[in-house]
Amino acid sequence: MNRASLAPLVLAFAWVVALVATLGSLYYSEVRLFLPCELCWYQRIFMYPQAVLLGIALWRQDFSVWPYSLALSLIGGSFSSLHLLQQNFPDLFTLACKPPVPCSVEYIPQFPIPLQALIAFLLIALSMGLLAREARQRG
């Protein structure tokens, strides 16, 4: 398999990650009835559009989508990191989230939701990095 044929697979992988993250967050809030905190909403703001953006890019085979998706992933991943800090050190950011759902609440302690989001953002960012490298090599 040559390098050029990997770009569609990388883009498809990133789209699947974004789609699973989006549907997973909707499942948590709409089926499991987990109330999202303020930082969860910010993470959603940077993940949800990627399911659409990467889906359209995959359909059109538009590999130049990488800067947009990378920017969304880096910003969203920053919110995920802040959220993990808030959960592990709640006294550091006392103004970050307010009731009714403080950001220090974790519905799934074994695999925290912000960690799930951070992993998704990192996987998408790494995929976009691969697409960027491919674009540079093509000239």
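The values are calculated or read from the model by the stated rules, or taken from the named source; none is laboratory data. No experiment lies behind these values; they were computed from the predicted model shown. Cβ coordinates were reconstructed from backbone atoms using ideal geometry, including for glycine residues, and neighbour counts include every protein chain displayed. Just so you know, the surface numbers come from the protein's heavy atoms only, side chains and all, with ligands and any DNA or RNA stripped out. Shrake-Rupley method; radii C 1.70, N 1.55, O 1.52, S 1.80 Å.
Listing for the model above:
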| quantity | calculated |
| --- | --- |
| Options 9, 35, 26, 39: the member that is at pLDDT below 95 and open to solvent by 50 Å² or more (accessible area, probe 1.4 Å) | 35 |
| Residue 60 open to solvent by 70 Å² or more (accessible area, probe 1.4 Å) and modelled with pLDDT under 95 | no |
| Segment 63-74: number of residues that are among the small types (Gly, Ala, Ser) and either surrounded by fewer than 17 Cβ atoms within 10 Å (Cβ to Cβ) or outside any helix (DSSP H, G or I) (or both) | 2 |
| Residues within segment 112-137 that are in contact (Cβ under 8 Å) with a residue 12 or more places away in the chain, over 17 Å from the mean Cα position of the chain (by Cα) and open to solvent by 60 Å² or more (accessible area, probe 1.4 Å), tallied | 1 |
| Cβ pairs under 6 Å, 6+ apart, first in segment 84-111 and within 16 Å of residue 34 (Cα to Cα) and aliphatic (A, V, I, L, M), second open to solvent by 90 Å² or more (accessible area, probe 1.4 Å) and at pLDDT 80 or above | 101/35 |
